[in-house]
Amino acid sequence: MKGNLTVKVVGIIIGALVSLLVGIKGVKALENDSTLTTNYIDNVYAYHYKNGVLMSYGKLPFRYQNGKLAYCIEPWRVINTNVYNSTDDWNISNYTNEEKRQMELIAHYGYQYEGHDSIRYYMATQELIWLFKDDYVKWSNEYSINGQEINVDYEKNEILKLVNRHDLLPSFSGSCYTSYLGDKISITDTNNVLDNYNIISDIPYTKDGSTLTFNVNKLGSFNVKFTSKCISDNNSTLVYYINNYDSQKMASFGLSDIKSAQLNITSNKVHVRINKRDNNTKDLIKKEGTIFKVKNLKTNTYISENLKVNKDGYANIDLEEGKYEIEEINASKGYVVNKNKKVIEVNSNVDVSDLYYDVDIYNDVPKGKIIINKIDEDSNKLEGVEIGLFDKNYKKIKSIITTKDKENIFDNLSLGTYYIKELDTLNGYLLDDKYYKVELTYKNDKTYVVEKELKLVNNKIKCDIVYISSSEGKKLKNVEINVYDSNDKLVYNGKTDENGKVVIEGLPYGKYYIKQIKVPSGYILNEDSYTFYVNDSTCVSSINVTNEKTVMPVTSMSCNIYLSLCALFMSLGIYNFVKKNN
């Protein structure tokens, strides 16, 4: 009794250990949990041979256990039930683990693999599994051993080709690539196994056979992952059996050793193309000579102080993500430096076209300015004179009216040859109809306005005025006169000649007045002021002035008598003297 008890205790312990070991291995077995359904394919028959002997034959079936495709692993046995037990204990299959792995791979790359969902691939998949026990399987389209044979060697070879390459990873697995934003990176898998993998990528790509082309559309570091394709979410292999082994065993295959690979693409810079453009035409300035300085605003340091524009009109620089300042320090000949500093921000959102982030910086050509200094011969500024601007072909461009209080200018002119001409002048001045040539030429890239000053002098129209002095029809000589302008300024002093005339030469247009300051003896000074105008109607005219004679003063009566007596005595004396001599 005691011995029996010991045996029972030992049995319990051993059973517990076995159960523990089984649990550790993950073996599961369920009874009567699987229901078999079968769909037969018309006109497809399989004949199984072992050692040259036909072992069994029958119509090709599609069998499913609980909806999962189940392959026959005992071709010589018949099926006598549709209720099965299931287990993941492969040992019950009577195949080795190596054979199990091969069957899993065949099932994985066989029917239901991408592009293999056809009856012929199903036949090839089932045949390859049968061949672990069969020597040969013949397919026929007739229920007769002598029927027409169906050959699925191509499908079997395609499956085995994939099986043999299962452990191959893409040749670029583990590789790292560096690129620029906007680049297209093409990578070819020389192992030619890309079709076996699903691809997960954070950046867009296209696939052409064994070549992947990635469109690097953002900055950063990106992992591209490759995982071997699965036909379902089933990753275990189940064997369907019955306890008495009288019915054929079947298996649903999964593939648990999913292969994976990855590569890394790092994009940390952007090709920046700085384009020099004419601010007027917007075209590229295809000249060398422009130089930039580029500053990293985050570090406040220059990353380039001598970035030169090439003969095609642009300069290239590779920049990391950040904010930058572009400053122009020299301009191409014929242009002036753009004083405005350009700030750009480099990030994933910049517009990259033709591999470049284009930044346009515009340059102006210098402008011309002609300053007109319009004066008379006394250097007085003249207001109201119309001045015309003409091009090199003497075609009028525009005109201005001169003023005294501000500059008289033609500005915002393109550099080149111009002509200046007076179109209308002031009353009293001679019109200057001469064309004056002005050349506006480029100096340097720091001269924004090329200035030229032109002094134009207008001569006054001058007239001769004849002053005539007379008295009772007699022309008076040596009458001295002064001529004053409207501001009482003495402009002339002179004396009349023997004809009583004085010619006042070269008086400009204006208002004047004449005053006598001295007359000959016997005449009275004319103290009147004679106002006159010099203009078109009075030019070369005469001014007649009359002077009166001096009148002798009247004396007393006694004096007159005395004078009469003196005259009488003188007459008598003269008479006696004459008589005596006679």
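Please treat every number below as a calculation from the coordinates, not as lab data. Since this is a predicted model, take the numbers as computed values, not measurements. Ideal geometry is used to build each Cβ from the backbone, glycine not excepted, and the neighbour counts take in all protein chains shown.
Dimensions of region 270-363 along the principal axes, based on C-alpha atoms and rounded to the nearest Å, stand at 34, 28, 19, largest first. Under 5 Å from the amide H of Thr290 lie the amide H atoms of Val309, Ser332, each residue being 5 or more positions distant or on a separate chain, with H modelled from the backbone and absent for Pro and chain starts.
Computed 3J(HN,Hα) for region 368-375, one whole-Hz value per residue from the Karplus formula 6.51 cos²θ - 1.76 cosθ + 1.60 where θ = phi - 60°, is x, 9, 10, 9, 9, 9, 9, 9, glycine and proline marked x. Electrostatic tally near Glu439: other residues with Cβ closer than 15 Å to its Cβ, Lys and Arg +1, Asp and Glu -1, net +3. Close amide H partners of Asp497, meaning residues 5 or more places away or on another chain with modelled amide H under 5 Å apart, are Asn478, Val502. Label reach from Glu527 (point 7 Å along Cα→C-beta): in region 469-487, amide nitrogens under 18 Å belong to 480-482. For region 118-149 versus region 458-535, the spacing of their alpha-carbon centroids is 145 Å.
State, to one decimal in nm², a quarter of the convex hull surface area for the C-alpha atoms of region 462-546, i.e. the direction-averaged projected area.
Result: 5.1 nm².
One entry in [x] 3, 10, 10, 9, 8, 7, 7, 7, 6, 5, 5, 4, 4, 3, 3, 3, 2, 1, 1, 1, 1, 0, 0, 0; [y] 3, 17, 24, 22, 17, 10, 4, 2, 0, 0; [z] 3, 18, 29, 27, 16, 6, 1 is P(r) over Cα pairs in 10 Å bins from 0, in percent calculated from the shown coordinates; its label is [x]. With unit charges on the beta carbon (Lys/Arg positive, Asp/Glu negative), name the residue among Tyr241, Ser353, Ile400 whose Cα is farthest towards the positive pole of the charge dipole of the chain. Of the options given, the answer is Ile400. The charge dipole of the chain, taken about its Cα centre with unit charges on the Cβ of Lys, Arg, Asp and Glu (plus for the first two, minus for the last two), comes to roughly 2200 debye. Sorting the segments 404-414, 120-130, 265-275 by their residues' average number of neighbouring beta-carbon atoms within 10 angstrom, most packed first, yields 120-130, 265-275, 404-414. Long hydrophobic helices in the chain, taken as whole DSSP H segments with a C-alpha length of 30 Å or more on their own axis and mean Kyte-Doolittle hydropathy at least 0.5: 2-25, 557-581. Our summary gives the chain a relative contact order of 8 percent, counting only alpha carbon pairs under 8 angstrom and 6 or more residues apart.
Note down the net charge around Arg101, summing +1 for each Lys or Arg and -1 for each Asp or Glu among other residues with Cβ under 13 Å from its Cβ. Summing Lys/Arg as +1 and Asp/Glu as -1 gives -4.
When the convex hull of its Cα atoms is viewed from all sides, region 97-210 shows a mean projected area of 9.7 nm².
Within the chain, DSSP assigns beta bridges of which about 80% are antiparallel (rounded to the nearest 5). Rounded to the nearest 20 debye, the dipole magnitude of region 29-164 is 200 debye, with +1 charges on Lys and Arg beta carbons, -1 on Asp and Glu beta carbons, and the Cα centre as origin. When the helices of the chain are scored as -39500 (n - 2.57) per DSSP H run of n ≥ 4 and the total is divided over every residue, the value at 222 nm lands at -5000 deg cm²/dmol. Highest average first, the peptides 478-484, 60-66 ordered by how many other beta carbon atoms sit within 10 Å of their residues are 478-484, 60-66. Kirkwood-type hydrodynamic radius, region 367-458: 13.6 Å, calculated from all non-identical alpha-carbon pairs. Largest first and in whole Å, the equivalent-ellipsoid semi-axes of region 330-382 read 49, 11, 8, each the square root of five times a Cα gyration tensor eigenvalue. Here the 3J(HN,Hα) profile of region 305-320, calculated from phi with Karplus coefficients 6.51, -1.76 and 1.60 at θ = phi - 60°, is 10, 8, 7, 9, 7, 7, 5, 8, x, 8, 10, 10, 8, 9, 10, 7 Hz, Gly and Pro shown as x. Summarising the amide proton neighbourhood of Val44: residues at separation of 5 or more, or on other chains, whose placed amide H is nearer than 5 Å comprise Leu60. Note on region 169-267: Cα convex hull, mean projected area over all directions, 7.8 nm². The trypsin sites (Lys or Arg not before Pro) of region 482-522 that DSSP puts in a loop, and whose beta carbon has at most 15 other beta carbons within 10 Å, are Lys489. The string of couplings for region 497-509 from the Karplus curve (6.51, -1.76, 1.60, θ = phi - 60°) is 8, 5, 8, x, 10, 9, 9, 8, 8, x, 7, x, 4 Hz, one whole number per residue in order, with x for Gly and Pro.
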